[in-house]
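What follows is calculated from the coordinates using simple rules that are stated; it is not laboratory data. Computed from a predicted model, the values in this text were never measured in an experiment. Note that each Cβ is placed from the backbone with ideal geometry, even for glycine, and that neighbours are counted across all protein chains shown.
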Amino acid sequence: MNGRAESHDDEYEGRGKRSGASAWIPGPRDAADDWERLPTAVAPLPPVPPVPPATPPAPEPAPAPSPEPAAPVAPGPPRTHAVLKSLLGAWALAACSPEETQAVEDHLTECAPCADEALRLRDAVGLLRPEESLDLKPLLRSRVLEDCLGKRPARIPVPGWASPYDTETARLDALLRDFGDAEWHTPVRLRWFEDEGQQSRRTTVAGVIGHLLSVDGLIAAALGLDDPLGPDAPSGAVERTEHFWASSPHPVTRQVREPWREQGHTLVRTVSFAGHGVAELTVGYGDFALPLGDAFLERAFECWVHAWDIADAVDYPYDPPSGPHLHRMVDLAARLLPGALAYRRRSGLAAPPRRLVAAGAPGRTLHLEIEGAGGGGWDIALDSPAATTSTEHTVAEIALDGVEFCQLAAGRISPDDAAAGQHGDREAIHDVLTAAASLSRL
């Protein structure tokens, strides 16, 4: 209303200003029913068509009755301190239900002893071993085979001095088991140190096994067993090998493996039931002799060295003996060095002793230090095998790796090629290294 009054006032004021007359008052309006007097310029409105009756809407479906609200579950009785304390272990392992977990954690905020116990249990859970798969590991088979080749469980109580021989023959037999006919004829070169130089002999894999069979027969003869070469066979190790190679069908075939392996089993079985005194029997090698215990060690050493030759010929990896067995082999070579040095002096191949030493008196000593697996320290008498050793009379020291020392004693490397740590008397060092190489033979 205020808006319309203001607009009329503005119109009135505008008209008065335009004509300069007094205020204008509009006339009376026509009656509402005076339709005929409307101007003809204004067209009458068209008649409104009748609206058809609308289709009555379909009745709406009755609403589904709402489900009755479930009756509230009455909360259980509150858990006591004892019950919550008994749940600490399951809580630490994350094995509680959500309700139990909430109850325990609420309790821990109020009970200091239980909080300390929960902390200790949670730390203990971290020390438990993680869950491991029950599936077999891919490398399990190779690890089992490697362990079986490294040590074979004894069927009978084998003496300690015969154990290296039993193990090395088993390892070599495992290497030979899968050889085909062609591999048994693979060329193998045997090497040893003689006449101040390296010597060699060419044979085959079967020929190497025949060589081991021939020399192992010396132990069989010492134990009263049948000699594989017969009663008329030579007594020297080299002569027996030459006799076997000359009398066997040429070339030697894989048939030699069975008698060699059977002879090895017989030797181990015999000494295992013979008692303790059997180790003191003497085994003759032609130009020298060894006690039976040392002879078994010597044959174990030869078996390993020739197995190494065979593996190298067929391009197959072959590990050295275990640490305890390698130590026994190194110990045997160290004990044989004073005798080998004296033999070379008698042959004019080594420097004479600096002074004469009575049996049992201390003489000059060289300290041999073997490093790595099977290592240890040995004092070598330089002037006489019967002289005693003393650290006060040590004139030189040699340090060698255990496997390298065995290669030197087997004639596989020359004394000049041995990478030895040396200190002291150069002449004594050279004589000992050369004596070690002279322990080798065919």
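Some points to look at:
- 3J(HN,Hα) from dihedral phi, the stretch 390-404, Karplus parametrisation 6.51/-1.76/1.60, rounded to Hz, x for glycine, proline: 8, 5, 6, 10, 6, 10, 7, 9, 10, 10, 9, 5, x, 5, 5
- Each listed q (0.16, 0.18, 0.20 Å⁻¹) maps to a log10 I(q)/I(0) for the stretch 158-319, found by the Debye formula over equal Cα scatterers with no solvent: -0.92, -1.17, -1.42.
- With θ taken as phi - 60° and the Karplus curve 6.51 cos²θ - 1.76 cosθ + 1.60 applied, the whole-hertz 3J(HN,Hα) list for the stretch 254-264 is 5, 5, 6, 5, 5, x, 5, 5, 5, 5, x Hz, x standing for glycine and proline.
- Backbone amide hydrogens, once placed in the peptide plane, bring A289 within less than 5 Å of nothing, excluding anything fewer than 5 places away on its chain.
- 5 angstrom amide H check on V188, placed H, neighbours 5+ away: T203, T204, V205
- As a size descriptor, the averaged projected area of the C-alpha convex hull of the stretch 321-442 was calculated at 7.2 nm².
- Couplings for the stretch 343-356, taken from phi via the Karplus curve 6.51 cos²θ - 1.76 cosθ + 1.60 with θ = phi - 60°, read 4, 5, 5, 5, 8, x, 9, 9, 5, x, x, 5, 8, 7 Hz in order; Gly and Pro are left as x.
- Placing +1 on the Cβ of every Lys and Arg and -1 on the Cβ of every Asp and Glu, with no other charges, gives the stretch 348-442 a dipole of roughly 360 debye about its Cα centre.
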